[in-house]
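Student: Before I ask anything, here is the structure I am working with.
The values are calculated or read from the model by the stated rules, or taken from the named source; none is laboratory data. Because the structure is predicted, anything quoted here is derived from the model rather than measured. Glycine gets a Cβ as well: all are built from the backbone with ideal geometry, and neighbour counts include every protein chain shown. For the accessible areas, the whole protein counts, side chains as well, though only heavy atoms, and no ligand, DNA or RNA atoms are used. Shrake-Rupley method; radii C 1.70, N 1.55, O 1.52, S 1.80 Å.
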Amino acid sequence: MKQMPPTSHADEHQLHDDLAAAAAEANDAPSGGRRGSGDIEARIYQSIYEGVMNQRLSPGTRLPEAVLGKLFKVSRSTVRKVLQQLAHDHIVELRLNQQAVVATPTPEETRAIFETRQALEAAIVRLAAQRVTAADIAALRTQLAEEHAAMHRYDQPAWARLASSFHLKLAALARNPVLSGYLAELVPRCSLIVALYEPPGNASCEHDEHGQIVDCLERGDADGAVALMQAHLATLERNVCLDRSDEEHGLARLLGLS
């Protein structure tokens, strides 16, 4: 196993910028009434989680305890506790000497994750078609309008967040917290996969396909919604280029092509 190189000042500044942007969005999320040490742990967790979801923190990004402790003004033991929870949720990996990095999914994991999402989201949209209300449809239409606006102002971080959020909102409409919980675990892992493997220029989630799914839900067409969701996820998986080498990927990043 290779030992990670030391973190440079440039790395620290970039991590600071990435986490600061993510923290700004995380601060808008409800805290659920938590206070004290649990509150700061939740803030650190949410900042890193949002950074991954919005693709600010790319796969393999190092998350040094000392740097995070300085950014959030907490002890390394507090940071370590959060990183262990993130590792449990597959957002980060703990490597040699517990060095934490944003997780890098393998091709095998990628195939398994998409296979699971196919089965899971088919069940979700079938239940949602049976249980959705007029108010739910209106909320989804608002979500679609926000997606459309983000897409046309070329705001990729907002677009990625909204595209992921759409799937989580559908899960909530199934009124099944177990299914929602499973999908909430898979969605950030898929965001990692897209950041690592999807060629530049592809939209990670097609807005028009989301709209067609909502149309089916509004009509109560469960079979149509399931078929569209399965095709939608199949397209997303096809857009992931699993045979892209680490060397090619790294060079693409250096050249600003990914």
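Student: Among the residues that make up segment 146-167, is at least one of them at pLDDT 90 or above, open to solvent by 70 Å² or more (accessible area, probe 1.4 Å) and out of contact with any His (no Cβ under 7 Å at 6 or more places or on another chain)?
Tutor: Within segment 146-167, one or more residues are at pLDDT 90 or above, open to solvent by 70 Å² or more (accessible area, probe 1.4 Å) and out of contact with any His (no Cβ under 7 Å at 6 or more places or on another chain).
Student: How many residues does segment 140-175 contain that are in a helix (DSSP H, G or I) and more than 17 Å from GLU209 (Cα to Cα)?
Tutor: Going through segment 140-175, the residues in a helix (DSSP H, G or I) turn out to be 140-152, 156-173.
Okay, now just the ones that are also more than 17 Å from GLU209 (Cα to Cα), so 156-158, 172-173.
Selection size over segment 140-175: 5.
Student: Determine which member of the set GLN84, GLN130 is without any contact (Cβ under 8 Å) to a residue 12 or more places away in the chain and part of a helix (DSSP H, G or I).
Tutor: Answer to the check: GLN84.
Student: Turning to a different aspect of this structure: Just to be sure before I move on: is ARG62 basic (Lys, Arg), at pLDDT 85 or above and crowded, with 16+ Cβ neighbours inside 10 Å in the structure I sent?
Tutor: Yes; evaluated as a whole, the condition is true for this residue.
Student: Looking only at segment 194-213, how many residues end up being at pLDDT 85 or above and either buried (at least 20 other Cβ atoms within 10 Å of the Cβ) or of a type in the set (Lys, Arg) (or both)?
Tutor: 2
Student: Restricting attention to segment 106-141, and to residues there that are open to solvent by 70 Å² or more (accessible area, probe 1.4 Å) and among the basic types (Lys, Arg), which single residue is nearest to LEU186 (Cα to Cα)?
Tutor: That would be ARG111.
Student: When ASP221 is evaluated against the numbered criteria (1) open to solvent by 60 Å² or more (accessible area, probe 1.4 Å); (2) acidic (Asp, Glu); (3) at pLDDT 95 or above, which criterion, by number, is the only one it fails?
Tutor: Answer for ASP221: the failing condition is (1).
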